[in-house]
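Let me begin by presenting the structure, written as structure tokens, before commenting on it.
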Amino acid sequence: MFCALCRKHNVDLGESIHNFCSGTDDFKLEFINIHQNSEAHAWATCMEAASTASPNTVSAEQMLKSMNSVTIGRVESTFRTCHAIAKSGWPFTDPDWICKLDDAKGTDIGSVFRNDKSARIFIHFMAEVERKSLKEKLENCKYFSLISDEFTDSIFKSAVVVYVRFANEGKVHCQIVGVQPVQKNDASTIKSAIEETFQINLQLSLASQDCSRKLVGFGSDGTGQNDGVANLVREIQPCVQSVHCFAHRLRLAYKGALENVQLYGILTSGLRNMYYFYHNSPLNKNNLKAIYEAIKLYPAIPFRIGGSQWLPRLQTALQILLKGYPALVLHLNKIEGDSRTSNRQKVKGLLYLLLKIEVVKFSHFLLDVINVLNILLRVTLDHNSSIADIFATLQSTVEILQMYQTRAGPKERLIETVQYFHGHQLVGNGNISAVRTKVLSDLLKRLSDCFCDANQDVLKATFIGSFKLWPDKMKQEFGEKEVSVLSKHYEAILEAASVKISEVGTEWSMLKLELYNRFQNIQTLTWDSVNAHYSKKYPNILALVDLILTPPASSAETEQGFSQMKFVMMHLHSKLMFENVMTDLMTIQMNSPDIKKFDL
């Protein structure tokens with residue numbers, strides 16, 4: 001004899017006799033009544049109510065209320081433990097030792113659900129709550145955008161991570177939908193995986209009228225197959241603006257402009273060798289620090305280049321090279337002069353690099369370029385940046401690089417005519433004009449193609465959605481043309497969202513006037529604060545603002561998701577890495593509240 005509910009939900013206290021989960025041959029009514037009133041059966045009953053309850057019913061809540069206060073406290077403790085485990089990306093086996101720790105502290109957590117299987121069940125239901133919440137948000141919002149990227153791993157082989165981005169009353173949200181394995185990396189398969197992710201996790205169909213009329217943007221990493229995915233997404237909604245991840249495009253532009261430049265290869269190879277020369281030798285590192293102290297410079301050890309933080313790292317490495325140049329040369333000269341040195345050839349090569357005038361000049365020139373590009377990258381990776389912010393920063397970047405074509409930058413100007421650097425004589429002819437011309441022309445050409453997939457007129461018009469780009473003082477004509485362009489391009493989507501397009505222009509003029517009259521510093525405003533004051537008064541223009549805040553500027557969110565996935569995989573066994581478990585974990589990590597703010 002067994003209890004159907006306890007067996008269905010695998011609620012097993014592990015008794016050797018009278019175990020109603022695995023089965024018992026004792027048919028005494030006394031034991032049946034004890035089991036019916038037990039904590040294990042209460043858990044199983046609660047789980048059955050939760051699994052069968054629709055979003056509009058309260059049977060699960062009523063079942064919880066029917067439990068005694070001790071059991072409710074145990075339920076709450078277990079939920080919080082499992083949420084913390086999932087939020088932190090730790091293994092499912094952790095609840096076991098956490099429960100033992102609670103026992104040692106005298107905390108009553110009961111004897112049920114102290115294993116990894118139970119933790120997975122709790123995590124799944126918490127993820128279901130987050131998915132239902134996201135579904136409600138998408139059903140209530142006027143527009144949303146898709147962000148998709150591919151992930152390759154020895155466990156998953158290949159998977160697609162899907163996010164949605166939407167703006168509601170001026171506040172932008174970006175949340176994960178799910179992770180979906182794919183067999184092939186072609187456009188059709190990826191597009192199907194995106195649709196399946198929506199259907200499985202949110203019970204929504206992208207091709208349905210309710211979803212397609214809200215779809216306004218698609219963001220991806222910019223690889224070749226995603227060009228095809230963007231075209232397939234436009235078949236669902238022709239108005240979709242496709243924006244490939246600008247951070248990825250920036251990296252491709254930089255690498256493409258410098259990959260065949262010999263002087264760049266020599267410099268980066270030298271930076272890499274110098275890093276390992278000091279990183280792998282505590283003696284060299286300590287001696288270099290002593291020289292820094294002797295010449296009264298702040299000690300800075302050569303920095304590593306490459307990796308995901310490629311641009312900031314290269315910037316730091318160049319800054320350390322130029323600032324610590326005298327200490328580095330003195331230390332290497334000292335080592336070379338020591339007859340006991342075993343790696344004199346390596347030291348000689350590093351010294352030759354540092355004293356070559358072309359390398360010194362190119363280092364200054366490259367640092368000027370990287371300083372400009374790093375500002376652009378910071379804006380790109382800022383989650384609060386819109387397409388308009390990035391596009392405006394890109395235009396400033398292009399203008400500065402064009403200026404560098406005719407005159408040296410601030411760093412390069414310091415060494416234009418010198419033959420000595422920090423008191424050390426340099427060797428070589430010092431002519432890098434041909435190299436810098438090639439680098440700048442190639443970089444400018446590649447940067448100009450970064451937004452080639454989007455409608456340029458619509459892209460330029462989105463700058464009205466960034467207060468940082470508004471003029472300091474009121475201009476009557478400001479934004480009028482842009483509002484007209486946006487209203488025309490998104491006419492079908494705006495009408496489907498019940499926006500009165502004929503009133504948008506008038507509302508723009510009046511809202512703009514009120515904001516300039518009321519606020520002294522217009523650049524400090526945010527659209528959610530404006531909505532708080534004017535959403536009832538100017539609903540149509542604010543609905544248009546929500547639309548232009550919705551398209552993604554990059555796929556940086558997916559990169560963050562990949563980092564979380566890698567962290568999870570480090571702590572979980574591969575057998576647990578099927579897609580529904582990973583989706584549950586990612587949903588809780590990326591969408592649920594912080595551990596302190598988690599509310600049952």
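Among the residues making up the stretch 89-121, a single one is on the phi > 0 side of the Ramachandran plot and without any contact (Cβ under 8 Å) to a residue 40 or more places away in the chain: G106.
For L134, the conditions (1) in contact with a Phe, Trp or Tyr (Cβ under 6 Å, 6 or more places away or on another chain); (2) hydrophobic (A, V, I, L, M, F, W, C); (3) crowded, with 19+ Cβ neighbours inside 10 Å all hold with the exception of (1).
Which of the residues belonging to the stretch 359-371 are open to solvent by 20 Å² or more (accessible area, probe 1.4 Å) and within 16 Å of Y254 (Cα to Cα)?
Scanning the stretch 359-371 gives a single hit, N371.
Sub-6 Å Cβ pairs linking a first residue in the stretch 455-468 that is in contact (Cβ under 8 Å) with a residue 12 or more places away in the chain to a second residue that is among the acidic types (D, E), at least 6 apart or interchain, are A461/E482; I464/E482; S466/D389, ordered by first then second residue.
Can Y404 be described as without any contact (Cβ under 8 Å) to a residue 40 or more places away in the chain, open to solvent by less than 20 Å² (accessible area, probe 1.4 Å) and on the phi < 0 side of the Ramachandran plot?
So Y404 fits the description; yes.
Here V504 fulfils each of the conditions (1) part of a helix (DSSP H, G or I); (2) of a type outside the set (S, T, Y); (3) over 30 Å from V233 (Cα atoms); (4) open to solvent by less than 40 Å² (accessible area, probe 1.4 Å) apart from (3). For the stretch 380-392, taking the residues that are surrounded by 21 or more Cβ atoms within 10 Å (Cβ to Cβ) and either aromatic (F, W, Y) or within 16 Å of P312 (Cβ to Cβ) (or both), the one that is nearest to the chain's Cα centre (by Cα) is identified as T380. In the stretch 584-595 there is no residue matching the filter, namely being open to solvent by 80 Å² or more (accessible area, probe 1.4 Å), in a helix (DSSP H, G or I) and modelled with pLDDT under 85. Consider the stretch 429-440 and keep the residues that are open to solvent by 50 Å² or more (accessible area, probe 1.4 Å) and either at pLDDT below 90 or among the polar types (S, T, N, Q) (or both). The one that is nearest to I522 (Cα to Cα) is T437. Checked against the criterion of being out of contact with any strand residue (DSSP E or B) (no Cβ under 9 Å at 6 or more places or on another chain), small (G, A, S), modelled with pLDDT of 80 or more and farther than 25 Å from T583 by Cα, the candidates A119, A104 yield just one match: A104.
In the stretch 274-329, the residue that is most open to solvent (accessible area, probe 1.4 Å) out of those that are among the small types (G, A, S) and farther than 17 Å from N374 by Cβ is A294.
Filtered by the rule that a residue be surrounded by 13 or more Cβ atoms within 10 Å (Cβ to Cβ) and of a type in the set (S, T, N, Q), the stretch 252-268 gives a lone residue, T268.
Please count how many residues of the stretch 176-191 are closer than 16 Å to D584 by Cα and either surrounded by fewer than 20 Cβ atoms within 10 Å (Cβ to Cβ) or modelled with pLDDT under 90 (or both). The number of residues fulfilling the criteria is 4. Filtered by the rule that a residue be among the hydroxyl-bearing types (S, T, Y) and out of contact with any Phe, Trp or Tyr (no Cβ under 9 Å at 6 or more places or on another chain), the stretch 395-436 gives S396, T397, T406, T417, Y420, S433.
Look at Q199 and say whether it is more than 24 Å from I548 (Cβ to Cβ) and open to solvent by 70 Å² or more (accessible area, probe 1.4 Å). Yes.
Tell me, which residue of the stretch 213-247 that is under 15 Å from the mean Cα position of the chain (by Cα) and not in a helix (DSSP H, G or I) is modelled with the highest pLDDT? Checking each candidate, the answer is G219.
One residue stands out among those in the stretch 564-583 that are open to solvent by less than 30 Å² (accessible area, probe 1.4 Å) and in a helix (DSSP H, G or I): the one that is modelled with the lowest pLDDT, which is L576.
The values are calculated or read from the model by the stated rules, or taken from the named source; none is laboratory data. Computed from a predicted model, the values in this text were never measured in an experiment. FYI the Cβ positions are ideal-geometry reconstructions off the backbone, even for glycines, and counts take in every protein chain you see. Protein only, heavy atoms only, side chains kept; ligands, DNA and RNA dropped before computing areas. Shrake-Rupley method; radii C 1.70, N 1.55, O 1.52, S 1.80 Å.
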